[in-house]
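Engineer: First the structure, which I've put down as structure tokens, then a few questions once you've had a look.
The numbers here are math on the coordinates, done by the rules we state, and not lab data. This structure is a prediction, so every number in the text was calculated from the model and none was measured. Glycine gets a Cβ as well: all are built from the backbone with ideal geometry, and neighbour counts include every protein chain shown.
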């Protein structure tokens, strides 16, 4: 944690924002000091994203004001927010992969009509920034060749290039290895030591306690608590976020059954900059959770697409239960009893302008009870969606509301519900709790464990090693399309898995 925080640099006063009858922010007051790290916590739909969008001028508040360095910030003006010294690093990076680090940093900072770019002076300034803040990077490297941790450094350098004095970090460690997380933490401490102020949005409460000075907790659009992290515990913060004690599920060992999906020396074609599979062998057994750890882009997408029927192997052997699949496709995967929780809820998990009801039956609309003799039974579909809304505590809309109006976490809850309620025999759970709050995470983990105990074979793909190590009966690590041996639960530490994620384990085993 930081020490010696000084003068006030940011104040939000009475911020209120309504969307129809929904009050997303209700009279929120928030203050940040120079050289301070403030954690902003809350359940899904608590109002964190709306508040940050108001701060950056993407939304207009219905009431309230913002001051930066003691000066009023014009509402609804992103350019004014940047000029005032605000910078934000989003969870999903916004970088041009075919351009260099330096070109990405310069994007948007120079007029398009200017002839030529002052690359020499810009490179020197970028290198000084990188050295001052411990953000080692090659300014001439193409972003597409960088690791996830290196890309995050580029995003932070983009903000510092614009003279950011207040940095907003949204789930900054979600896709980092443990070693990269440690490096980011050291960098942030160095930055706040030089006077930068940080607002830190995260669901990883142990990281919040290790980095933040204070926590502001939102619930249902209101500030319900402001606490110092000194002496606080994860259980304390979780209780403040949810409003009650959060019971984490008990994880007993699984009872391995018959193989339900087998891969033997499987390879796939390269697609974009993500790694294809390279000789992957894996067995998913009934009654077990198999965890897959790895930094994003190392083959998880190829494995997920293969199991979902979106691609076929170019080499090797794939078997469902006791027979190889024929005419492999998404329809064939669904017919084989495979249900998927996709990684990208916006791109592949939902259709933005469909209702919650339509999204709830996207992959099962052709089966009973939603389809009878070729005709849709919309009453059955709405009843199913209504049950999901109640069971998974979906907030913000009813069965006929557009799913694009939900927060990301509430979208994820609907996807989880539509998968788990049909009791599939193979579940592809790709980042199943990304963006969920602590209460929802505990609930989802409990449901996955219940599905396992009912005999499902679950492949859990996650970049959160705590989640992998807590739930998995066996753990594989994927790096550059290669798959590690299976490590039984409890035989590897986070540091051990981090080395395999960085590729060192494969090199040592060669």
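Engineer: Taking the inverse of the average 1/r across all pairs of different Cα atoms in segment 223-266, what Kirkwood radius in Å do you get?
Structural biologist: 14.9 Å
Engineer: Another question about this same structure. Once you wrap a convex hull around the alpha carbon atoms of segment 346-423, what is its projected area averaged over all directions, in nm²?
Structural biologist: One quarter of the hull surface, i.e. the mean projection, equals 4.7 nm².
Engineer: Another one. Can you classify segment 1-96 as rounded, prolate or oblate using the Cα gyration tensor, where a ≥ b ≥ c are the square roots of its eigenvalues, rounded means a/c under 1.5, and otherwise it's prolate if a/b beats b/c and oblate if not?
Structural biologist: rounded
Engineer: A further question on this structure: Please work out the ratio of the alpha-carbon Rg of segment 311-367 to 2.2 N^0.38 Å and round it to two decimals.
Structural biologist: After normalising by residue count via 2.2 N^0.38 Å, the value is 1.36.
Engineer: Using Cβ contacts closer than 10 Å as the measure, can you line up 200, 506 from fewest to most?
Structural biologist: The most exposed by this proxy come first: 506, 200.
Engineer: Give the Cα extents of segment 188-316 along the principal axes, in whole Å, largest first.
Structural biologist: Each principal axis gives a Cα extent; for segment 188-316 these are 55, 40, 26 Å.
Engineer: Additional query: What's the angle, to the nearest 10 degrees (0 to 90), between helix 148-161's Cα axis and the longest principal axis of the chain?
Structural biologist: 20 degrees
Engineer: Is the C-alpha gyration tensor of segment 254-301 telling us rounded, prolate or oblate? Criteria: a/c under 1.5 is rounded; beyond that, a/b larger than b/c is prolate, otherwise oblate.
Structural biologist: oblate
Engineer: What is the P(r) of segment 8-242, as percent of Cα-Cα pairs per 5 Å bin from 0?
Structural biologist: 1, 6, 14, 17, 19, 16, 13, 8, 4, 1, 0, 0
Engineer: Also: With the Cα gyration tensor of segment 139-258 giving a ≥ b ≥ c as the square roots of its eigenvalues, does the rule (a/c under 1.5 for rounded; else a/b larger than b/c for prolate; else oblate) give rounded, prolate or oblate?
Structural biologist: Oblate, because a/c is 1.5 or more while a/b does not exceed b/c.
Engineer: Between helix 408-420 and the chain, what is the angle of the helix's C-alpha long axis to the longest principal axis, kept within 0 to 90° and rounded to the nearest 10?
Structural biologist: Roughly 10 degrees between the two axes.
Engineer: A further question follows. How tilted is helix 178-193 with respect to the longest principal axis of the chain? Cα atoms for both, answer in degrees (0 to 90, nearest 10).
Structural biologist: Tilt of helix 178-193: around 10 degrees.
Engineer: Percent of Cα-Cα pairs per 5 Å bin, from 0 to the last occupied bin, for segment 294-411, please list those.
Structural biologist: 2, 10, 17, 18, 17, 15, 11, 7, 3, 0
Engineer: Where does the chain land at 222 nm, in deg cm²/dmol rounded to the nearest 500, when only DSSP H runs of n ≥ 4 count, each adding -39500 (n - 2.57), divided by all residues?
Structural biologist: -9500 deg cm²/dmol
Engineer: Here is a follow-up. Just to be sure I understand: if I project the alpha-carbon convex hull of the chain onto a plane and average over all orientations, what area do I get in nm²?
Structural biologist: Averaging across all directions leaves 25.5 nm² for the Cα convex hull.
Engineer: For segment 397-510, what is the convex hull (Cα atoms) projected area averaged across all directions, in square nanometres?
Structural biologist: Directional mean of the projected Cα hull area for segment 397-510 stands at 8.5 nm².
Engineer: Can you sort 224, 438 so the residue with the fewest Cβ neighbours within 10 Å comes first?
Structural biologist: Ascending number of Cβ neighbours within 10 Å: 224, 438.
Engineer: Taking the Cα centroid of segment 410-471 and of segment 235-295, what is the distance between the two, rounded to the nearest whole Å?
Structural biologist: Each part's Cα centre sits 9 Å from the other's.
Engineer: I would also like to ask the following. Arranged by the count of other C-beta atoms within 10 angstrom, fewest first, what order do 188, 292 take?
Structural biologist: Fewest to most other Cβ atoms nearby, the residues stand as 188, 292.
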